[in-house]
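Remarks on the structure that follows.
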Number of protein chains: 2
Amino acid sequence: MDRRAVVLLSGGIDSSTLLFLAKKRLADEVLGLSIDYGQRHKRELEAAEQVAKAAGVSWHALRLASKDLCTAFGNPALLDGAQPIPHGNYADVSMRSTVVPNRNMFLLSLAGAFAISLGAGFVCYAAHGGDHPIYADCRPGFIRGMEAAFKELDVTLWTPFMTMDKRQIVKLGKELAVPYDLTWSCYKGYAVHCGKCGTCVERKEAFELAGLGDPTIYEA
Amino acid sequence: MDRRAVVLLSGGIDSSTLLFLAKKRLADEVLGLSIDYGQRHKRELEAAEQVAKAAGVSWHALRLASKDLCTAFGNPALLDGAQPIPHGNYADVSMRSTVVPNRNMFLLSLAGAFAISLGAGFVCYAAHGGDHPIYADCRPGFIRGMEAAFKELDVTLWTPFMTMDKRQIVKLGKELAVPYDLTWSCYKGYAVHCGKCGTCVERKEAFELAGLGDPTIYEA
């Protein structure tokens, strides 16, 4: 294992910032890994590729979407062909339908497999301190457990954003010159951000709270 | 969450015994879950179905094999289309080529997703104390980490075989009347067990050490 790192890259604000941070502070060689697990917003994979290109690192996509994978996750709203994406804030009960149960353990298992196959010593995961209580797989207890499991595999799980909130991440990203105009957050996956779903609402807030201009084009 | 349990069922000796044990001692309702991740020995899926039927529990298969999944795992010998399965004992260096890196974290993530989708409170995993040092994802440190991560998801990871070896498992299985003639171990996946690969060698030893008759038909 050496100082190579696999970054789980969704193409959103957090993981894009993490990619730039890993390149600057962690590893000699960084690879962005994106996974098509059947998400409705496949537009994020395109964003991830562009962000990796802008960072000057290699990028790999695993296309794993299938009917059976959708079944394993219980057909939640976030996946293709299921119920529509609700509007509003993450705090709303309706947003629970966007939870893909245990998705992040699934993504981490693949990033781990990929890292071991490549002989990379790090998997980087952008869960952050502001992540929402409905997402159990972003909580500190979950992260600590996964860290311990990864340690047994001789892979270090790097989660530097666990002590930061979204506002701090955007501020850091501006210092790192992350091209936020290339990133994608919206769960709907239209041509532009809808501006209404939970992740769009959060995206707007992050730029506002950080006191920075929002480069995003939202639906009128 | 209630007393329903999802058992990761490969169709081999250990997980088949675990299925019968979970039904007797753990849960009101047990579901056997088998996953096609591209293993060469797909014959084990058929065995798993037969074992679940014999136990009188429901069975579900997730068919997830794909080129990209094989890529994520680095194309090891155990997967379709890769190098041939080596003969001999697990201790041999050549057996390392049968390691599918981080496979069990991947399988556990899916069992966890499935359990949460169903509202089941338990995931049962047959890693045992005799598991081989080359399989990092069967070691106590790995299991403890995964247990902690699962706890955050309100799912209990049940691993009663961690303090047992294969001989003890087979003895327990005989008490539970596990139909070992239906189980499948061989990595090659021919019509009958090859009798030469690491898992066949171990299977033979387990019955011998337990002082029990081996119901397996091996290749002449």
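For the residues of B:159-169, the average number of beta carbons from a partner chain within 10 Å of their own beta carbon is 0. Distant-in-sequence amide contacts of B:Glu219, defined by a placed amide H-H separation under 5 Å and a gap of 5 or more residues or a different chain, comprise B:His193, B:Cys194, B:Gly195.
Each principal axis of the Cα cloud of the protein assembly as shown was evaluated for its coordinate range; sorted largest first, these ranges are 74, 44, 32 Å.
Inter-chain Cβ neighbour count for A:113-123, averaged per residue, equals 4 (cutoff 10 Å, partner chain atoms only). Mind grabbing the base-10 log of I(q)/I(0) for the range A:104-220 at q = 0.09, 0.13 Å⁻¹? Debye formula, identical points on the C-alpha positions, no solvent, two decimal places. For the requested q values the scattering log ratios are -0.30, -0.61. Expressed in Å, the radius of gyration and Dmax of the Cα atoms of the range B:2-209 are 15.9, 44.
Arranged from fewest to most other beta-carbon atoms within 10 Å of their beta carbon, B:Tyr218, A:Tyr190 become A:Tyr190, B:Tyr218. Inter-copy label distances at A:Gly119, shortest first and taken from points set 7 Å along Cα to Cβ: 5.1 nm.
Roughly what % antiparallel, to the nearest 5, for the DSSP beta bridges in the range B:2-209?
On the way: 1 of 19 bridges.
Counting DSSP beta bridges with both partners in the range B:2-209, the antiparallel share is about 5 percent.
Each part reduced to its alpha carbon centroid, the range A:152-218 and the range A:1-55 end up 13 Å apart. Here's the list of aspartates and glutamates a cross-link from B:Lys53 could span, going by alpha-carbon distance under 20 Å and ignoring same-chain residues fewer than 8 apart: B:Asp14, B:Asp28, B:Glu29, B:Asp36, B:Glu44, B:Glu175, B:Asp181.
Of all lysines in the structure, those lying under 21 Å Cα to Cα from A:Lys188, and not within fewer than 8 positions of it along the same chain, are A:Lys42, A:Lys67, A:Lys166, A:Lys196, A:Lys204.
Residues A:Lys151, B:Lys24, ranked from the fewest to the most other C-beta atoms within 10 Å, line up as B:Lys24, A:Lys151.
Of A:Lys188, B:Lys174, the sequence from fewest to most neighbouring Cβ atoms within 10 angstrom is B:Lys174, A:Lys188.
Close amide H partners of A:Leu62, meaning residues 5 or more places away or on another chain with modelled amide H under 5 Å apart, are A:Ser34, A:Ile35, A:Asp36.
For peptide A:194-206, the mean count of partner chain Cβ atoms within 10 Å of a residue's Cβ comes to 0. Between copies, the label points of B:Leu212, set 7 Å from Cα on the Cα→Cβ line, lie 6.2 nm apart, reported in increasing order to one decimal in nanometres. Neighbours of A:Leu176, meaning other residues whose beta-carbon lies under 11 angstrom from its beta-carbon, give a summed charge of +4 when Lys and Arg score +1 and Asp and Glu score -1.
Any read-out appearing in this document is the output of simple, stated calculations on the displayed coordinates, not a laboratory observation. This is a predicted model, so every value here is computed, not measured. Here the Cβ is made from the backbone with ideal geometry for all residues, glycine too, and neighbour counts use every protein chain on show.
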